[in-house]
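Worksheet for the structure shown next.
The values are calculated or read from the model by the stated rules, or taken from the named source; none is laboratory data. Predicted, not measured: the structure shown is a model, and the values here were computed from it. FYI the Cβ positions are ideal-geometry reconstructions off the backbone, even for glycines, and counts take in every protein chain you see. Please note that ligands, DNA and RNA were not included when accessible areas were found on the heavy atoms of the full protein model with its side chains. Shrake-Rupley method; radii C 1.70, N 1.55, O 1.52, S 1.80 Å.
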Amino acid sequence: MKNKSVVSDRLRQEALNNELFEQAKDYALDYMSNTMNSPVFPSQDAIDQLEAFHESLPDYGAEALEIIKKLHRDGAPATVAQTGGRYFGFVNGGIVPAALATKWLTDTWDQNAAMYVMSPVASVLEEICEQWLVDLLGLPDNSAAGFVSGSSLATLCGLAAGRNTLLQRLNYDVASRGLFGAPEIRVVLSEQAHSTVFKALSLLGLGTERLIKVPADEEGRILIHSIPKLDERTLLILQAGNVSSGAFDDFTSICEMARKAGTWVHIDGAFGLWAAASEPLKHLTKGIELADSWSVDAHKTLNAPYDNGIVLCRHRKALGQALSMSASYLEYSQQRDGMKYTPDASQRARAVDLWATLKSLGKQGVSELVEDLHQKALYFSRSLEQNGFIINNKVCFNQVLVSMEDENLTKKTLELVQNSGECWCGGATWKGKSVIRISVSSYRTDYKDIDRSVAAFVQAKEVAVNTP
């Protein structure tokens, strides 16, 4: 007997409905054309409209055209215009056009990049991106790359490889025996290490209370003379781009000292590692090639789409062993199997987006992009300083820390800037005081965007000064 119509029948029909996908394209193009002039943060009315999504799960599914119409009508106005030119929060980059178009295309591929047998194209492009990254950043030949969601996970992977390697050198296999009764290893890092580093260490069973936190100098660089004597039991974490000030540690001096001691060095370079690819700025990363592992985000300074994090490790075998898994149904090949270098089995084909980004820019384009962001950060800081704002850091990359003479005035000004819709940036604490943190990270930002944002700062300050 023929089965009655079921949901799969409707879905098959929708999959062949070009009208649906043409409509989605039109909505996307409409969003793109309006982003540059939209409020950077949504209005309260737009946020209130999100109530339209609150409902019980219906018994019967809605038509696909109805769904995308609802998202465009009720959802799009409540997005943050991160892809515009006046978003300076959280070091979020824009999207290189070729990579955005690639993402549209490859979303229809919907590849699982876990193994070569699942997606040969993802495997090959991962291998190519790995080679390009090693060359672009000046890392040791044959360094391995794993493509993950972001530098939080990339840091976890690099530190896992480091932890396991240190314990293996002490004749202890943590993968089989766990941490129960394991030889003690030390973790040394800056007191200003990124919060995701502390989270990764906690997840790896290395805790937070017993870490050796080293003081930083006035720009946020780890103080070399305060680093304890290093040895083969030590995991040392450095920064390429302090999360607030953008400052870079002295990699050459510290890494040479660490290599002599047998210490594993991981560099957190979420946004700053890309300075290595810029001719005018590569001096900031001198010595990074001496480390053992690195974490970096392509969706920050490089302007690849979300989500696109990368762990890199000079010890290919160590990274693979730390993240390996086995099962009878897995079909590993002689080609690259991406899951060997990440914690995930199922994973989207991020490297395709990354390949398109790098292919679009080329070596010279990456260098120019990184330098351009730096120059605009300098321009932003000078413009604010000329208008009476205090710049609290030496702008060495793309981070600007701003304040007023009074801490409450700083907080009020930040709140007014955020609510203005003209631009958006976040707050932070620097040397015990509240500051406004500006991250210039998107290629979409031009000097007119910065002038417009500075005007918003000036207006916000005037209102804050005159408001009890």
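Shown in residue order for the range 372-388 are the 3J(HN,Hα) couplings computed by the Karplus curve 6.51 cos²θ - 1.76 cosθ + 1.60 at θ = phi - 60°: 5, 4, 5, 4, 6, 5, 4, 4, 4, 5, 5, 5, 5, 4, 5, 9, x Hz (x for Gly and Pro).
Given 0.36 nm per residue, what is the gain on full extension from Asn387 to Tyr329 after removing their alpha carbon distance, in nm? List each step's numbers first, then the result.
Numbers: separation 58, 0.36 × 58 = 20.88 nm, distance 6.44 nm.
Going from the current span to full extension adds 14.4 nm.
Within the range 207-225, list the residues whose amide N lies under 12 Å from a label point set 7 Å along Cα→Cβ of Asp250. Label zone hits: 217, 221-225. Take each peptide in 84-97, 55-68, 147-160, 404-417, count the other Cβ atoms within 10 Å of every residue, and average; sorted highest first, the result is 147-160, 84-97, 404-417, 55-68. Coupling constants for the range 158-163 follow from the phi torsions by the Karplus curve (6.51 cos²θ - 1.76 cosθ + 1.60, θ = phi - 60°), and in residue order they are x, 6, 5, 4, x, 4 Hz; glycine and proline get x. Listed by chain and number, the aspartates and glutamates placed with their C-alpha closer than 12 angstrom to that of Lys103 are Asp307, Asp353; residues fewer than eight positions away on the same chain are left out. Each part reduced to its alpha carbon centroid, the range 143-161 and the range 204-278 end up 16 Å apart. Give me the net charge for the shell around Ala200: Cβ to Cβ below 12 angstrom, other residues only, Lys and Arg +1, Asp and Glu -1. Every neighbour counted, the sum reads +1.
Using a cut-off of 14 Å between beta-carbons, work out the net charge of the residues near Glu219 (Lys and Arg +1, Asp and Glu -1, Glu219 not included).
Details: positive: Arg221, Lys394, Lys431; negative: Glu191, Asp217, Glu218, Asp249, Asp250.
Within the 14 Å Cβ shell, the charges total -2.
About the Cα centre, and with charges only on the beta carbon of Lys, Arg (+1) and Asp, Glu (-1), how big is the dipole of the range 376-424? Nearest 20 debye, please.
Details: 5 positive and 6 negative charges, 49 e Å.
Dipole size: approximately 240 debye.
For the range 1-42, the carbon plus sulfur part of the accessible surface works out to 56%, probe radius 1.4 Å. The range 428-457 and the range 400-416 have Cα centres spaced 12 Å apart.
Taking each of Lys25/Lys363; Lys260/Lys317; Lys70/Lys448; Lys282/Lys317 in turn, the alpha-carbon distance tops 26 angstrom for Lys25/Lys363; Lys70/Lys448; Lys282/Lys317. Using θ = phi - 60° in the Karplus curve 6.51 cos²θ - 1.76 cosθ + 1.60, the 3J(HN,Hα) couplings for the range 349-357 round to 7, 4, 5, 5, 4, 5, 4, 4, 5 Hz; x is entered for Gly and Pro. What does the net charge come to around Tyr116 if you take all other residues with beta carbon closer than 13 Å to its beta carbon, with K and R at +1 and D and E at -1? Once positives and negatives cancel, what remains is -2.
Using the Cβ-Cβ distance between Glu127 and Ile47 with R0 set to 35 Å, the FRET efficiency from 1/(1 + (r/R0)^6) comes to roughly 0.20. Rounded to the nearest 20, the size of the Cβ-charge dipole of the chain about its Cα centre is 1080 debye, with Lys and Arg at +1 and Asp and Glu at -1.
Starting from the range 1-49, pick out the trypsin sites (Lys or Arg not before Pro) whose DSSP state is loop and whose Cβ has at most 11 other Cβ atoms within 10 Å.
Values: sites: Lys2, Lys4, Arg10, Arg12, Lys25; in loops: Lys2, Lys4.
In loop regions of the range 1-49 (DSSP not H, G, I, E or B), the sparsely surrounded trypsin sites (Lys or Arg not before Pro) are Lys2, Lys4.
In debye, nearest 20: dipole of the range 353-468 around its Cα centre with unit charges on the Cβ of K, R (+) and D, E (-)? Working shown, then result.
On the way: 14 positive and 14 negative charges, 49 e Å.
With Lys and Arg at +1 and Asp and Glu at -1, about 240 debye.
Can you bin the chain into rounded, prolate or oblate? Criterion: square roots of the alpha carbon gyration tensor eigenvalues sorted a ≥ b ≥ c, rounded for a/c under 1.5, prolate for a/b above b/c, oblate for the rest. Oblate shape, in that a/c is at least 1.5 and b/c is the bigger or equal ratio. Every helix of 4 or more DSSP H residues in the chain counts as -39500 (n - 2.57), and over all residues that averages to -13000 deg cm²/dmol at 222 nm.
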